[in-house]
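Structure record follows, encoded as structure tokens.
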Amino acid sequence: MLTCLWTQRTISFVACATQMCFILILGATEYFLLAVMAYDRYAAICSPLHYPLVMNYKVCIQLVVGSWISGIPIQIGQTGQIFSLPFCGSNFINHFFCDILPILKLACGDTFLNEMLVFTVAELFALVPFLLILVSYGKIISTIL
């Protein structure tokens, strides 16, 4: 990244797609892992005597693997869908990383459907874990009170 900033080089489409795909996968995984951590705290605080039964090693591995696997196919599909658009004109992005909206601005034609799909996926991957975290901490607070 520092080399690209210093030399003002452009990034290829394959490198941009790879970078975007990894950022999206890691972001989605982070949201789900935060929800898993909130569930862990809920189980530890709200039912401390059942905690070793509820959160055993197998369940922990399943939750972590599920967090990783749930985001990978959707984010790979979203990256493939974005980079399958026809591009025309200047393919130069004045950014140091590949983001979705600047790439969509480079595409020829109407990208409204693609933008709506991106926002829908972003809402699902942010809203569902957020609601799970909110419910979990709400139950923790009600248990403490």
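I82 fulfils the conditions (1) under 27 Å from G138 (Cβ atoms); (2) open to solvent by less than 40 Å² (accessible area, probe 1.4 Å); (3) at pLDDT below 90 except for a single criterion, (1). Taken over region 133-145, the criterion of being assigned to a helix (DSSP H, G or I) and without any contact (Cβ under 8 Å) to a residue 60 or more places away in the chain is satisfied by L134, V135, G138, I141, S142. Quick check on region 100-119. Is at least one of its residues open to solvent by less than 50 Å² (accessible area, probe 1.4 Å), under 20 Å from V14 (Cβ atoms), touching a residue at least 24 places away in the same chain (Cβ under 8 Å) and in contact with an Asp or Glu (Cβ under 9 Å, 6 or more places away or on another chain)? There is at least one residue in region 100-119 that is open to solvent by less than 50 Å² (accessible area, probe 1.4 Å), under 20 Å from V14 (Cβ atoms), touching a residue at least 24 places away in the same chain (Cβ under 8 Å) and in contact with an Asp or Glu (Cβ under 9 Å, 6 or more places away or on another chain). Within region 34-45, the residues that satisfy the criterion of being of a type in the set (A, V, I, L, M) and open to solvent by 50 Å² or more (accessible area, probe 1.4 Å) are L34, M37, I45. Scanning region 46-64 for residues that are open to solvent by 70 Å² or more (accessible area, probe 1.4 Å) and not basic (K, R) gives P48, L49, H50, P52, L53, Y57, I61, Q62.
When M20 is tested against (1) farther than 25 Å from L132 by Cβ; (2) open to solvent by 40 Å² or more (accessible area, probe 1.4 Å); (3) not charged (D, E, K, R), just one condition goes unmet, and that condition is (2).
Restricting the first member to region 22-37 and to residues that are touching a residue at least 24 places away in the same chain (Cβ under 8 Å) and in a helix (DSSP H, G or I), and the second to residues that are surrounded by fewer than 19 Cβ atoms within 10 Å (Cβ to Cβ) and among the β-branched types (V, I, T), the beta-carbon pairs closer than 6 Å and six or more apart or on different chains are I25/I72.
The values are calculated or read from the model by the stated rules, or taken from the named source; none is laboratory data. All figures in this text were calculated on a predicted structure; none of them were measured in a lab. No Cβ is skipped: glycine too gets one built from the backbone with ideal geometry, and neighbour counts run over all protein chains shown. Heavy atoms of the whole protein, side chains included, go into the accessibility calculation; ligands, DNA and RNA do not. Shrake-Rupley method; radii C 1.70, N 1.55, O 1.52, S 1.80 Å.
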